[in-house]
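Computed from the coordinates by the stated procedures, all read-outs in this text should not be read as laboratory data. Being a predicted model, the structure only gives us computed values, none of them experimental. Don't worry about glycine lacking a Cβ; one is built from the backbone with ideal geometry, like all the others, and counts go over all protein chains shown.
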Amino acid sequence: MRISYIFSDIMTWEFEHSIVTDARRDEIWALYSNVESWPLWDHGIEDISIDGEFMEGTNGKIKMEGQEYLNYRITMADPDKGYTVETVIDDLKATIKFIHTFSDFPDGKIRLTNHITVLCTSKEGIEEGIGESITSGVPQTMENIARMAIFMEKTCTSK
């Protein structure tokens with residue numbers, strides 16, 4: 001976690017977590033690009049919808065446990081690289097960017113990385129723990145998606 005200042009009126013808060021998995025990239029992408037599956041591996045999501053295909057420029061709504069609905073926008077979606085989603089929280093004058101990336105290892109394993117950046121013009125927004133509340137479940141969520149992708153691969157290839 002890193003908190004820094006950009007100029008004099010915008011604060012940033014950053015978090016990054018990576019795991020290495022045997023899961024196949026296409027299985028992980030299948031889960032990432034199907035937002036209806038997100039609550040299966042991200043247990044903090046109560047409800048989610050998307051207004052079209054999973055691609056750059058598409059909008060949707062997400063409701064995290066105990067929170068109000070928030071709008072999100074997919075700003076990058078590439079099955080070979082990953083995807084990025086941005087959410088704006090007007091009350092706190094904050095923009096949250098979720099960057100999910102893949103990197104390959106020569107042995108066939110994949111590194112999944114989740115980098116989260118909070119840009120906030122309100123010091124109170126950062127101090128209210130936006131970042132910490134968003135990221136507390138990230139390690140478990142990443143393990144969940146990797147396990148689910150491996151399960152899908154084994155289930156689909158055993159038929």
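Structure notes:
- Residue-averaged [θ]222 nm for the chain, counting only DSSP H segments that reach four residues, each worth -39500 (n - 2.57): -7500 deg cm²/dmol
- Summary of the geometry: region 20-63 and region 76-108, compared by the centres of their Cα atoms, lie 11 Å apart.
- Unit charges at the beta carbon, dipole of the chain: most positive-side option, Ile150, Pro139, Tyr83: Ile150
- Residues Lys63, Lys81, Lys154, ranked from the fewest to the most other C-beta atoms within 10 Å, line up as Lys154, Lys81, Lys63.
- For Lys109, the aspartates and glutamates whose Cα comes closer than 18 Å to its Cα, not counting residues fewer than 8 places off in the same chain, are Asp22, Asp26, Glu27, Asp80, Glu143, Glu153.
- Which labelled figure in (i) 16.2, 59; (ii) 21.5, 81; (iii) 14.4, 48 is Rg and Dmax of the Cα atoms in Å, once derived from the coordinates: (i)
- Residue with peak Gaussian network fluctuation, the chain [Cα springs, cutoff 10 Å], from Glu36, Glu68, Glu143: Glu68
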